[in-house]
1. Using the Kirkwood radius over Cα pairs, work out the Stokes-Einstein diffusion coefficient for the range 147-242 at 20 °C and 1.002 mPa s, in µm²/s as a whole number.
2. Expected output is a single nm value to one decimal: the length gained when fully extending between Asn173 and Phe218, i.e. 0.36 nm times separation in residues minus the C-alpha distance. What is it?
3. Hey, got a sec? Which trypsin sites (Lys or Arg not before Pro) in the range 144-209 land in a DSSP loop and have at most 14 other Cβ atoms within 10 Å?
4. So which GluC sites (Glu not before Pro) in the range 208-312 are both in a DSSP loop and have at most 12 other Cβ atoms within 10 Å of their Cβ?
5. Semi-axes of the equivalent ellipsoid of the chain: what are they in whole Å, largest first, if each equals the square root of 5 times a C-alpha gyration tensor eigenvalue?
6. I'd like to know which of His160, Val117, Ala63 lies farthest towards the positive end of the charge dipole of the chain, counting +1 on Cβ of Lys and Arg and -1 on Cβ of Asp and Glu.
7. Using a cut-off of 17 Å between alpha-carbon atoms, which lysines can reach Lys280, once sequence neighbours fewer than 8 places away in the same chain are excluded?
8. Considering just Cα atoms, how many Å³ per residue does the convex hull of the range 81-244 enclose?
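No lab work stands behind these numbers, since they all come straight from the coordinates. Since this is a predicted model, take the numbers as computed values, not measurements. Reconstructed Cβ throughout: ideal geometry from the backbone, glycine too, with neighbour counts over all protein chains shown.
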Amino acid sequence: MFNLFRADTITRFPQNTFSLNQTENMLYVKEDRGFACAFVPEFKLYAPNLSIISAHASVIVDADSGRILYEKNANEERQIASLTKLFTATLVMEKIKNLDELVTIDEEAVYAEGTRVGCPRSGFCNGVRLHVGEQVSVRNLLKSALMNSANDAAIALGKHIGKTQAGFAHIMNARAQELGLQHSHFCTPSGLEPDGREKECYSSALDIAKITTHALSFPEIWEMTRIEKETFFSADGKYEHEIFNTNRLLGQLPNLVGTKTGFTPLAGYSLLAVATDESKTHKVVAVLLDDPNRWQSVRSMFDWSFQSVDWK
């Protein structure tokens, strides 16, 4: 599952309390959350190195301490496609307390490109799609965006909060600054890149890991990511929709917390995932950007993490 490779393919951080970062000509001190954690990850004496050669960028982070266990191009700014939807879902959870609140579906959401409710793949629609004027609960739109990676659901949620996609993107970018995301700029709630503005829409493997760690504060998100399939109705009961999960690891990894997939031609096949050790005490976050072997790679990342690290 993993191999011995060059030492420079892995970043290991000493157990310091603070780390120094340099931006242009300024130094600033950032507190290491590991100091406040009950358990801090330490590498075993003969832990092997890890190399995920098929991924353009990747990172593994200990969720509790925030420590980076492995990284490759972790701060490189790249398109992230539907991994964006996890951030959208997190903002929804922060701003909407009643998940049964109704959202009215508009034409912009219905005619979104790519994966949609009723269309499990772009251009392939074998189910009942959302309809203009239909009302759907926030909860069911979240499930659609997280499980089925439905662009229409994410757009509807974003516009419900921000009035327009651009308005929601402004909220996303303001929140990203508050969370200390230094290599991210979001354009849409779905992760679709607007034509001609593709280079403006990006994040990094490490920023996605930080978003994922923050999102762990909302257990409802992760419960949704583990649902295999579900049927839901419009508020008036007129339309019945069936959604399926894009997560290929369901039922295969007993300690899986959840995943979110992403793909556009620019972003490539990407994935974020969270798993626990056998004791279900310690969580690690794995992020892969532009990796055609993402499902095998993430297995290797989790295997390596729990075989190479002790929490003390």
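1. Values: Rh = 15.1 Å.
For these conditions, the coefficient is 142 µm²/s.
2. Numbers: separation 45, 0.36 × 45 = 16.20 nm, distance 2.00 nm.
Stretched out fully, the Asn173 to Phe218 stretch lengthens by 14.2 nm.
3. Details: sites: Lys159, Lys163, Arg175, Arg197, Lys199; in loops: Lys163, Arg197.
Counting only loop positions with at most 14 other Cβ atoms within 10 Å, the trypsin sites (Lys or Arg not before Pro) in the range 144-209 are Lys163, Arg197.
4. Numbers: sites: Glu220, Glu223, Glu228, Glu230, Glu240, Glu242, Glu278; in loops: Glu228, Glu278.
Here the GluC sites (Glu not before Pro) that fit, given the DSSP loop and packing criteria, are Glu228, Glu278.
5. Values: eigenvalues 225, 85, 64 Å².
Values for the chain, descending: 34, 21, 18 Å.
6. Ala63
7. Lys312
8. Details: hull volume 17.0 nm³, N = 164.
Dividing the Cα hull volume of the range 81-244 by its residues yields 104 Å³.
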